[in-house]
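Okay, so here's the structure we're looking at.
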Amino acid sequence: MFGDIGQVMMVFSPLTMAVMLAGVFGGLVVGAMPGLTSTMAVALLVPITYGMTMELGLCMLVAVYVGAISGGLVSATLLNIPGTPSSVATCFDAYPMAKRGEAGKALAYGVFASFIGGIFSFFVLLFMAPVLGNFALRFSSYEYFALVVFALTCIISVSRKSLVKGLLAACIGMALGLIGLSNMDMVSRFSFNSPSLESGIDVLPVLIGMYAVSQLMVEIKAIRKPYQIMEADFTTREFIAVAKTFRHSIRNLVRSSIIGTAIGILPGVGPGLSNIVAYARAKSADKNPDSYGRGNPDGIIASESANNASTGGALIPLLTLGVPGDASTMMMIGAFMIHGVQPGPLLFRDNPSVVMIITLAFLISTIMMLLVQMQCIRVLVKALSIPRHILYSVITALCVIGSFALRSNMFDVWVFFATGIAGYIMVKIDFPILPLVLGLIFGSMAETEFRSSYVLGGNSFSGYLDRPIALVFLAAAVLSVVISAYTIRRSKTPAMDTQDLT
Amino acid sequence: MTIKKPLDLCTGIALLLGGLFMFMETFAIPGSNMALGPRIFPQVLYGAIIVLSLVMVGQSLALGPAETPNQAGPADPAERETMWLQWAYIAALFIYIAIMPLIGYGIATFGFCFVLMTLLGERRTLKSLCVYAALSGITAWSLVYIFGTLLRLFLP
């Protein structure tokens, strides 16, 4: 179950611990800064893992992911701007607390709630992932194709921008994934006699372009608006005093952690939605719901415990099914691909140590996140003062080299440039990005499994009728589309956006 | 019939034309002996794109009199400036990528960072320009060191 113990123990080596500590700190800093998302942080660091072992690279990415999700608390509290989409609901009560001089307390509530939420999802990850992974070993082409369809429709349904746009984005992404040589026949498709297109469009430049450059272009629009940063600090004694009051919020904490973990498991959803759902649930369950939005610590507890619980939840479908739980874990697929490993059920069979390493890295990162924030909250507050024009220039330069690094190919850099502009246009015309990128990642695999299932069924699709798991996935996919269409049609108010919140 | 969402209409038409073009391109894909062949899945996808684009075009139109559109006021100077900054960012990035293979990664990165910091920054005094130059140099050197020396990547 745990694989090679010696290999697993490398997670406790000084180098790995140092890298994870740096990753958590870096993630917290990135997450604290509005406009810089955890997805961007992970995307920028994936190319750097090229020079590391896979285990070390993944530990670093997990640490950055955990840190970035939690870091959004700082700007939510001090600026009333969510550092990441996972901290939108945190603003509602953290900022009012800061306005009445309790910024340090608000931060303390958020930090401790993040820790508890993370630990909760660690245990779910630890016990659920092996069970699901072993179950998924029974998957064949039918289940894999049905799973891809389900994952894509799930993401489209949840984004609620527009069902048609979501489906279009997914189809375009899958179509882009088919450029180059086909997996089964090695036939050249849509290369237009270009050697660069013959080798296909790599995922990483598209990920970096769509999530980093498009976001930077959105942020540049607001670059002249200065931030008004509240003063904040807390001592360890104050932090412990706040932690002691948590016994009054146990029910809220557990409920929000469950919500966060469950939402994190759903493909493509993640912390961006979980914090809002948990907040809404906490408010409706409270005896005094009107106190929410006016500086009620339970609002912060609900939001922050849910968003960190989602991080562990998002790792579950990534490791067990090879389907990312959210955009950040989708970036981690890039790291797996760099090292020639496919996440999913075969990972449990062929590399069980890697699964255990990632699980332990998640636990260690969560603990480090708590300790770093307790000791270095002042540094994170200072990070908000970093001039954005300097930061964006450095990030863009990092994006360019990151796009180039994988294949040492200028074509990839041009792909990054083009997809960056395309991503910005998509944001402006309300097209969801996540289905397109997921379609790009899974397009080729979807075709292979689609055609293989046809062959396995004796040159027909009747084989699906004998595969109940595949039928369940396909039925769930259809259901999610139908429900989404019905909900959008009935909805009178604009749906909450889970991406690109600016 | 009126145009309810002009952006969606334009996007729908563009995707429709693109989808039609690519669908025609699928017929140029050679066949194979493998099941379904390499042409079928792309045809299904581009067929779906064509249908969805038509739906999108349809949704962007409305029967009956046009709704009174929300007229955006004239762009204020601040908004014009930030739009200019966005265009400047794209232009700087384009030039950076284009000249990188010609003058080398390190010099191109230094130049790009310096120009972008100057463009995006509000202050353009001699002191701030010196700071930008120093930071650009540090950034370029660090990236060359990390990727070129440590990771042994071949840089342009």
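The values are calculated or read from the model by the stated rules, or taken from the named source; none is laboratory data. Quick caveat: nothing in here was measured; it's all calculated off a predicted structure. All Cβ positions, even for glycine, are placed from backbone atoms using ideal geometry, and neighbour counts span all protein chains on display. Accessible surface is based on the protein model in full, side chains and every heavy atom, while ligands, DNA and RNA are left aside. Shrake-Rupley method; radii C 1.70, N 1.55, O 1.52, S 1.80 Å.
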## Note on the structure
Between A:F127 and B:A62, the two model label points (7 Å from Cα along the beta-carbon direction) sit apart by a distance in nm of 5.3 nm
### Query
How far, in degrees from 0 to 90, does helix A:141-159 lean away from the longest principal axis of the Cα atoms of chain A, to the nearest 10?
40 degrees
## Note on the structure
Quick shape check on chain B: root eigenvalues a ≥ b ≥ c of the Cα gyration tensor, a/c under 1.5 is rounded, otherwise prolate if a/b tops b/c, else oblate, and it reads oblate
### Message
Name the residue from A:P34, A:T77, A:L21 whose Cα lies farthest towards the positive end of the charge dipole of the stretch A:1-140, charges +1 on Cβ of Lys and Arg and -1 on Cβ of Asp and Glu.
### Response
A:T77
### Query
Any idea what the dipole of chain A comes to, in debye rounded to 20, about its Cα centre with Lys/Arg Cβ at +1 and Asp/Glu Cβ at -1?
1380 debye
#### Entry: Listed residue (B:I107, B:A92, B:L16) projecting farthest to the positive dipole end of chain B, Cβ model
B:I107
### Query
So what does A:I155 come to for accessible area, using a 1.4 Å probe and Å² rounded to 10?
10 Å²
### Message
Just to confirm my numbers, what's the Cα centroid distance between the stretch B:124-147 and the stretch A:337-351 in Å?
### Response
40 Å
### Message
Once each part is reduced to its C-alpha centroid, what is the distance from the stretch A:191-224 to the stretch B:40-56 in angstrom?
### Response
23 Å
### Query
Which of the lysines could be linked to A:K283 by a straight reach, that is with a Cα gap under 19 Å, when you skip same-chain ones fewer than 8 residues away?
none
### Message
How high is the relative contact order of the stretch A:55-133? Use alpha-carbon pairs under 8 Å, at least six apart in sequence, and give a whole percent.
### Response
20 percent
### Task
Pop out the carbon and sulfur fraction of the accessible area of chain A as a percent, whole number, probe 1.4 Å.
65 percent
### Query
Chains B and A: buried accessible surface, both sides, probe 1.4 Å, rounded to 100 Å²?
5400 Å²
### Task
Rounded to the nearest 500, what is the 222 nm mean residue ellipticity of the protein assembly as shown from helices alone, with -39500 (n - 2.57) per DSSP H run of 4+ residues and division by all residues?
-23500 deg cm²/dmol
## Note on the structure
The answer for chain A, accessible area per residue at 1.4 Å probe in Å², is 35 Å²
### Query
Lys/Arg Cβ at +1, Asp/Glu Cβ at -1, dipole of the stretch A:165-320 taken about the Cα centre: which of A:P205, A:T311, A:V277 is farthest positive-ward?
A:V277
### Query
Between the stretch A:359-424 and the stretch A:1-49, what's the alpha-carbon centroid distance in Å?
12 Å
### Task
Would you mind classifying the stretch A:123-249 by shape? Square roots of the alpha carbon gyration tensor eigenvalues, ordered a ≥ b ≥ c; an a/c under 1.5 is rounded, otherwise it is prolate if a/b is larger than b/c and oblate if not.
oblate
### Message
Which of the three applies to the protein assembly as shown, rounded, prolate or oblate, going by the alpha-carbon gyration tensor with a ≥ b ≥ c and a/c under 1.5 meaning rounded?
### Response
rounded
### Message
Can you give the longest run of chain B that contains no GluC sites (Glu not before Pro) sitting in a DSSP loop with at most 16 other Cβ atoms inside 10 Å?
### Response
B:1-66
### Query
When we measure straight from the Cα of A:K428, which lysines land under 29 angstrom away, once same-chain ones fewer than 8 places off are left out?
A:K161, A:K165, A:K221, A:K225, A:K492, B:K4, B:K5
### Message
Show me the chymotrypsin sites (Phe, Trp or Tyr not before Pro) within the stretch B:80-156 that DSSP assigns to loop and that have at most 13 other Cβ atoms within 10 Å of their Cβ.
### Response
B:F154
